[in-house]
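Written out below as structure tokens is the structure these notes cover.
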Ligand code: HEM
């Protein structure tokens with residue numbers, strides 16, 4: 001997903017630096033593209049869309065928790081059999097993990113480098129103390145992104161590794177989720193993260209569309225609507241799980 005600077009375009013200093021770098025040191029087209037502002041934004045857009053695909057599948061899987069412990073745990077076990085017999089047991093999950101990790105590193109690196117460029121381009125604050133376009137959305141994307149990255153680390157330690165789960169049991173994801181959401185501050189962590197996720201997708205989807213060149217004036221509203229719908233459906237789809245445990249519907 002694209003950062004704040006998506007709407008601003010590269011500064012003159014950026015463009016000069018990019019062209020000078022290209023002129024003095026010939027590099028492979030991939031590296032040269034990565035060094036450009038549009039290259040980093042493209043990496044953010046493509047990796048962001050990949051996360052959205054994962055998040056849709058993960059949300060649908062999570063909703064199976066309402067079908068009961070046996071079905072949810074069977075679903076967790078099935079995830080490990082995907083691709084068999086071509087792949088060995090659990091391999092698909094590892095391929096997915098490596099893919100998500102590469103996408104995450106690329107997304108965060110591009111975000112950090114674009115932010116640094118943006119800050120370098122305008123080192124002097126304006127009289128009213130605000131950088132000219134450090135908009136609400138810009139700050140939400142930066143801080144929201146940091147919070148989401150921390151959440152993913154927490155979440156993997158919680159439900160995959162189990163070290164921060166109140167009573168982790170291997171192969172029993174239903175139990176692990178239920179014991180989580182009986183603790184108020186764990187609910188709080190998840191609720192804050194899910195709201196951040198919604199805000200991030202809402203803005204990021206439109207930025208990604210702009211970066212990838214699919215935004216035309218006539219389509220702008222439709223793209224915004226798709227991004228907002230995705231954000232609301234994903235946030236709600238994830239939030240119903242802790243809410244289900246808190247209300248006793250899932251136990
Ligand atoms: C209430 C919300 C959520 C619940 C109940 C939930 C539940 C789970 C469970 C039970 C697992 C372990 C699956 C298994 O090993 O069989 C898992 C893994 C995972 N979840 Fe979530 N999840 C939620 C939200 C999210 C969100 C918002 C993200 C991303 C931003 C996310 C990313 C992941 C990742 C990356 C894994 C690791 C998958 C792996 O082990 O390879 N989850 N989740």
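The values are calculated or read from the model by the stated rules, or taken from the named source; none is laboratory data. Note that the structure is predicted; figures quoted are calculated from it, not measured. All Cβ positions, glycine included, derive from the backbone under ideal geometry; neighbour counts span all protein chains shown.
Pairing each residue of the stretch 135-159 that is on the phi < 0 side of the Ramachandran plot and outside any helix (DSSP H, G or I) with any residue that is modelled with pLDDT of 95 or more and within 11 Å of the ligand (Cβ to nearest atom), provided the two are 6+ apart or on different chains, yields no C-beta distance under 9 Å. The set of residues in the stretch 165-181 being surrounded by 15 or more Cβ atoms within 10 Å (Cβ to Cβ) and not in a helix (DSSP H, G or I) consists of 165, 168, 172, 181. Would you say residue 201 is more than 13 Å from the ligand (Cβ to nearest atom) and under 22 Å from the mean Cα position of the chain (by Cα)? Criteria not met by residue 201. Here residue 251 meets the list (1) farther than 29 Å from residue 38 by Cα; (2) free of Cβ contacts under 8 Å to residues at least 40 places away in the same chain almost entirely, failing just condition (2).
Among residues belonging to the stretch 110-134 that are assigned to a helix (DSSP H, G or I) and exposed (fewer than 15 other Cβ atoms within 10 Å of the Cβ), point out the one that is modelled with the highest pLDDT. For the stretch 110-134, the residue satisfying everything is 116.
Look at the stretch 60-83: where a residue is more than 10 Å from residue 172 (Cα to Cα) and without any contact (Cβ under 8 Å) to a residue 60 or more places away in the chain and a partner is assigned to a loop (DSSP other than H, G, I, E, B) and within 12 Å of the ligand (Cβ to nearest atom), sitting 6+ places away or on another chain with Cβ atoms under 6 Å, you get 80/90.
Picking from 232, 241, which residue would you name as being in contact (Cβ under 8 Å) with a residue 24 or more places away in the chain, within 16 Å of the ligand (Cβ to nearest atom), surrounded by 12 or more Cβ atoms within 10 Å (Cβ to Cβ) and over 18 Å from residue 199 (Cβ atoms)?
Values: 232 fails: over 18 Å from residue 199 (Cβ atoms).
Result: 241 is the single residue among 232, 241 that is in contact (Cβ under 8 Å) with a residue 24 or more places away in the chain, within 16 Å of the ligand (Cβ to nearest atom), surrounded by 12 or more Cβ atoms within 10 Å (Cβ to Cβ) and over 18 Å from residue 199 (Cβ atoms).
Restricted to the stretch 182-218, and to residues there that are outside any helix (DSSP H, G or I) and modelled with pLDDT of 95 or more, the residue that is surrounded by the fewest Cβ atoms within 10 Å (Cβ to Cβ) is 183.
Within the stretch 51-101, the set of residues being near the ligand (Cβ under 10 Å from one of its atoms) and assigned to a loop (DSSP other than H, G, I, E, B) comprises 80, 90.
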